[in-house]
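Heads up, the thing below is written out as structure tokens.
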Amino acid sequence: TSKPKKKHKANCRRHSLYVDFSDVGWNDWIVAPPGYHAFYCQGECPFPLADHLNSTNHAIVQTLVNSVNSNIPKACCVPTDLSPVSLLYLDEYERVILKNYQDMVVEGCGCR
Amino acid sequence: GSAGLVPEQGRRKYAAPLSQDTLSTFEARLLSLFGLKQRPSPSRSAVVPRYMLDLFAAYSANAEPKHGAGKRSLGRESEKSASRANTIRSFHHDESTEELSSHSAKTTQRFLFNLSSIPREEFVTSAELRIYREQVTTAANSSSNNSSLGYHRINIHEIMKPGLSFKEPITRLLDTRLVQHSLSKWESFDVSPAVLRWTAEGHANRGFVVEVVHPSSADRDYKKHVRVSRSLHDSEDSWPQMRPLLVTYSHDGKGHVLHTRQKRQAR
């Protein structure tokens with residue numbers, strides 16, 4: 001009998017996530033854009049941490065300790081680089097505002 | 001309910017498993033993120049000025065490149081103002097407080113813009129007053145196009161003290177320009193000193209006086225060239241997009257300033 005294959009868990013990386021303002025009925029006050037690509041981070045931070053997983057020294061040490069003591073959690077897959085989004089919207093007084101909101105889009109993910 | 005950020009439609013779609021408390025907390029957090037006290041619910045008649053759409057196309061961090069959009073230059077002054085700001089707000093004046101007076105040689109209009117919606121933590125770095133002037137098309141137009149008769153002077157004043165008992169208010173000149181009435185064009189005037197006085201220094205906002213000095217022999221049609229009042233024109237439909245617009249550039253101390261697409265790409 002062949003052993004059941006161990007399901008391979010994907011490493012930490014950026015995934016697609018489109019926020020559509022019309023889905024939540026915000027398109028009546030957000031003039032533009034109609035939505036934006038926010039992205040999210042998900043995946044494993046396995047031991048040993050590879051360079052492309054964009055980890056910190058602390059994450060490498062934490063992962064190392066986790067490999068010998070499972071009470072200590074693995075490093076987390078989190079956004080490491082974020083960019084702003086500009087929204088053109090009407091406020092509660094029907095005045096039109098263009099504003100840059102920081103840290104709205106995930107540009108890069110890493111193990112931290 | 002209606003004051004919430006996520007309306008019923010969105011709640012039914014996404015928020016069914018969440019408790020009301022959780023949803024309220026989530027909504028409060030989002031409202032705070034957007035700097036809003038309650039969910040905006042604009043009426044169908046709300047007007048989005050064309051200039052704000054152009055600014056969005058030019059400066060937004062995420063606008064999709066469209067044909068020509070964003071490539072169109074909004075002027076060096078606009079770019080300079082945007083390079084120090086992360087928020088651009090637009091204001092229409094309160095028409096109930098306007099005072100139009102027209103004499104043979106000049107038309108003056110008092111404008112009051114309510115700027116109380118600018119949050120205290122936001123620092124206004126500059127402001128422009130945009131006024132539309134429409135090409136005058138009359139039989140006499142062609143003969144006067146190239147003569148000095150076609151020139152109007154637009155003076156923008158800040159009202160320092162209101163006029164008492166039929167006296168003129170005490171004003172100071174903020175910006176001035178000589179324009180020819182053979183063109184249709186938006187004119188932008190720098191009103192930063194006044195708006196900074198009102199917002200950062202806490203002085204009373206008594207508004208602006210826009211003074212249009214007409215050519216010496218101008219007839220009634222020529223006096224309509226600069227669109228400072230709804231009453232000067234018959235075309236009501238175009239007024240919402242042609243009326244004067246005050247645009248403020250500010251920064252709330254959070255995040256990056258606005259950049260043109262070219263500058264973002266270079267960065």
Residue B:121 and residue B:160 label points (each 7 Å along its Cα→Cβ direction) are spaced in nm at 3.6 nm
In vacuo Debye sum over C-alpha of chain A, base-10 log of normalised intensity I(q)/I(0) at q = 0.13, 0.20, 0.24 Å⁻¹, listed in q order, is -0.66, -0.99, -1.22
For residue B:230 and residue B:176, extending 7 Å from Cα along the Cα-Cβ vector and measuring point to point gives, in nm, a value of 3.2 nm
Taking r as the C-beta separation of residue A:52 and residue A:27 and R0 as 41 Å, the FRET efficiency to the nearest 0.05 is 0.60
In whole angstrom, the spacing between the Cα centers of the range B:72-123 and the range A:10-82 equals 43 Å
Using alpha-carbon coordinates alone, the radius of gyration and Dmax of the range A:27-93 in Å work out to 19.0, 59
Placing each pseudo-label 7 Å from Cα in the direction of the beta carbon, residue B:77 and residue B:238 end up separated by a distance in nanometres of 2.3 nm
Taking R0 as 35 Å and r as the Cβ-Cβ distance between residue A:92 and residue A:10, the FRET efficiency 1/(1 + (r/R0)^6), rounded to the nearest 0.05, comes to 0.20
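Taken together, the values in this text are just the output of simple stated rules run on the coordinates, not laboratory data. These figures come from a predicted structure and were not determined experimentally. Positions of Cβ are backbone-derived with ideal geometry, glycine not excepted, and every protein chain shown enters the neighbour counts.
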